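The values are calculated or read from the model by the stated rules, or taken from the named source; none is laboratory data. Small disclaimer: the values here were computed from a predicted structure and weren't measured. Virtual Cβ from ideal backbone geometry, glycine too; neighbours counted across all protein chains shown.
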Amino acid sequence: MTGKARFIFPVLMAGVMAFLMTALVTYLNLGFPPDFVAHWLHAFVIAWPCAAGAAFLAIPLARRGTALIVKVIGE
């Protein structure tokens, strides 16, 4: 991935992952109270930047790990 895509992809991927995971964890912790959406969105707003930072670190490692595994097991 080159250019702007290498910055946009991790941010969008982190957003999707944070959106889904915060929904699940909020549900597991609270069930569905009347203010579920407010709790969920609060968690999401905190989690997305954290997930984006983690993605910038994890994606290159995952690429290298994937290349190594594919090299070992063959295409």
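Any residue at all in segment 16-25 that is surrounded by fewer than 12 Cβ atoms within 10 Å (Cβ to Cβ), more than 24 Å from THR2 (Cα to Cα), at pLDDT 95 or above and out of contact with any Cys (no Cβ under 8 Å at 6 or more places or on another chain)? Yes, because at least one residue in segment 16-25 is surrounded by fewer than 12 Cβ atoms within 10 Å (Cβ to Cβ), more than 24 Å from THR2 (Cα to Cα), at pLDDT 95 or above and out of contact with any Cys (no Cβ under 8 Å at 6 or more places or on another chain). If you check PRO33, PRO49 for being out of contact with any His (no Cβ under 6 Å at 6 or more places or on another chain), at pLDDT 95 or above and not in a helix (DSSP H, G or I), only one passes: PRO33.
Does segment 58-75 include one or more residues that are surrounded by fewer than 11 Cβ atoms within 10 Å (Cβ to Cβ), under 15 Å from the mean Cα position of the chain (by Cα) and part of a helix (DSSP H, G or I)? The answer is yes; a qualifying residue exists.
Here LEU28 passes the criteria (1) modelled with pLDDT of 95 or more; (2) surrounded by fewer than 10 Cβ atoms within 10 Å (Cβ to Cβ); (3) not in a helix (DSSP H, G or I) except the one numbered (3). Only one of (1) assigned to a helix (DSSP H, G or I); (2) on the phi > 0 side of the Ramachandran plot fails for GLY3. Which number is that? In the conditions (1) assigned to a helix (DSSP H, G or I); (2) on the phi > 0 side of the Ramachandran plot, GLY3 misses (1) alone.
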